[in-house]
Amino acid sequence: MKKVLFALALCVSFSGMAQLVNVTSIDKVNIPENAASKVAAISPQGDYILMTTDHNQGLTKFDLSTGATEVITQARGAGFDAKISSDGQSIVYREKSENKNHLQQTAVKTKNIATGAEQQLVKPTRDLQGVAVEGNTAVAMNKGKMSKKALDNGKAQVSVPVLSTNNFKLYITRNGKTTEFMPAGNYRYIWASMSPDATKALFYCSGKGAYVCNIDGSGLKAFGDVQAPKWMGNDMIVGMTTTDNGEDFTSGEIVVLDLNGAKQVLTGNDVIALYPLPANGKIAFSTPTGEAYIINLK
């Protein structure tokens with residue numbers, strides 16, 4: 001039955017669409033019982049994933065080769081937009097708490113998974129705009145100002161623009177200066193990221209869809225309602241297309257698009273596939289029922 005399920009998914013991905021990538025298999029991850037089951041991140045090398053709960057509580061490292069698990073943190077909010085350094089050795093995550101007035105605030109922390117050493121990049125704040133990783137440097141934007149910290153023994157370096165959001169407005173920070181950056185117009189901006197070569201920006205506008213543009217705002221291209229978009233190299237993006245009944249997802253497909261708009265569907269209707277995360281020839285995704293899968297690409 002398992003082979004039939006995967007075969008159906010592969011047939012859909014190649015039927016009536018452009019073939020942008022070659023899918024070799026779609027494998028279900030054998031997550032231990034009672035473990036967090038939503039994929040929060042995949043390492044740049046594609047050798048492990050970070051799991052979290054539906055409410056982004058904590059992070060657990062799951063080795064894709066051995067199945068070994070390691071709790072990274074139990075912090076509230078840690079699973080939201082968690083980042084991994086380029087060498088795969090450090091995790092950058094958020095920790096939510098309440099101040100003395102019972103208002104939500106967020107700190108940014110880092111943890112080396114080899115040594116267990118933890119550091120605080122940003123103390124608890126109500127104005128965190130975004131978190132990024134360039135190489136082995138962690139970056140956080142808070143009140144329009146940048147904080148950076150080396151995650152290894154080197155020097156913290158930020159040589160590329162950083163995108164961040166505040167109250168659903170998009171901002172770009174270049175050479176230490178932060179300015180408003182809303183090339184698609186006055187919409188609610190989410191899911192923003194810079195291309196690996198730092199020449200283009202990817203973002204999603206609520207009610208409109210996904211867009212790509214140059215970092216000066218020119219060359220705007222619309223890609224339709226592709227949600228949770230991520231860069232897959234410099235020339236393709238991966239995201240999800242979904243339907244819902246107002247409360248729950250009723251369908252979800254993982255799609256890949258090139259920058260000319262050609263699209264390939266990678267999953268079939270046998271699974272509700274959500275929130276793709278690409279790395280090193282793999283795409284991890286989750287389902288609403290607490291399953292995790294890996295799409296393997298040739």
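Flag set for Tyr293, criterion: part of a strand (DSSP E or B), farther than 30 Å from Asn167 by Cβ and touching a strand residue (DSSP E or B) at 6+ places or on another chain (Cβ under 7 Å).
For Ser159, are the conditions met, namely being surrounded by fewer than 21 Cβ atoms within 10 Å (Cβ to Cβ), closer than 19 Å to Pro44 by Cβ, more than 17 Å from the chain's Cα centre (by Cα) and hydroxyl-bearing (Ser, Thr, Tyr)? Considered against the rule, which asks whether it is surrounded by fewer than 21 Cβ atoms within 10 Å (Cβ to Cβ), closer than 19 Å to Pro44 by Cβ, more than 17 Å from the chain's Cα centre (by Cα) and hydroxyl-bearing (Ser, Thr, Tyr), Ser159 comes out as yes. The listed residues are Gln19, Gln119, and the only one of them that is under 23 Å from Ala156 (Cα atoms), at pLDDT below 95 and not hydroxyl-bearing (Ser, Thr, Tyr) turns out to be Gln119. Checking each residue in the stretch 264-273 for being closer than 21 Å to Ala18 by Cα and surrounded by 17 or more Cβ atoms within 10 Å (Cβ to Cβ) picks out Gln264, Val265, Leu266, Thr267, Gly268, Ala273. Name the single residue, out of those in the stretch 70-93 being among the hydrophobic types (A, V, I, L, M, F, W, C) and in contact with a Ser or Thr (Cβ under 6 Å, 6 or more places away or on another chain), that is surrounded by the fewest Cβ atoms within 10 Å (Cβ to Cβ). Result: Val71.
Among the residues of the stretch 190-202, those identified as surrounded by 14 or more Cβ atoms within 10 Å (Cβ to Cβ), of a type outside the set (S, T, N, Q) and on the phi < 0 side of the Ramachandran plot are Ile190, Ala192, Met194, Lys200, Ala201, Leu202. Taking (1) over 27 Å from Asn175 (Cβ atoms); (2) in a loop (DSSP other than H, G, I, E, B) in turn, Lys155 satisfies each apart from (1).
Do we have Lys61 as under 22 Å from Asn280 (Cα atoms) and charged (D, E, K, R) here?
Working: under 22 Å from Asn280 (Cα atoms): yes; charged (D, E, K, R): yes.
Yes, satisfied.
A single entry from Gly144, Gly185, Gly116, Gly176 fulfils the requirement of being in contact with a Cys (Cβ under 9 Å, 6 or more places away or on another chain), surrounded by fewer than 16 Cβ atoms within 10 Å (Cβ to Cβ) and at positive phi: Gly185. Just to be sure I understand, how many residues within the stretch 203-221 are surrounded by 15 or more Cβ atoms within 10 Å (Cβ to Cβ), part of a strand (DSSP E or B) and out of contact with any Leu (no Cβ under 8 Å at 6 or more places or on another chain)? Adding up the residues that qualify gives 3.
The values are calculated or read from the model by the stated rules, or taken from the named source; none is laboratory data. On a predicted model such as this, the values are computed, not experimentally measured, just so you know. Note: ideal-geometry Cβ built from the backbone for every residue, glycine included; neighbour counts use all protein chains shown.
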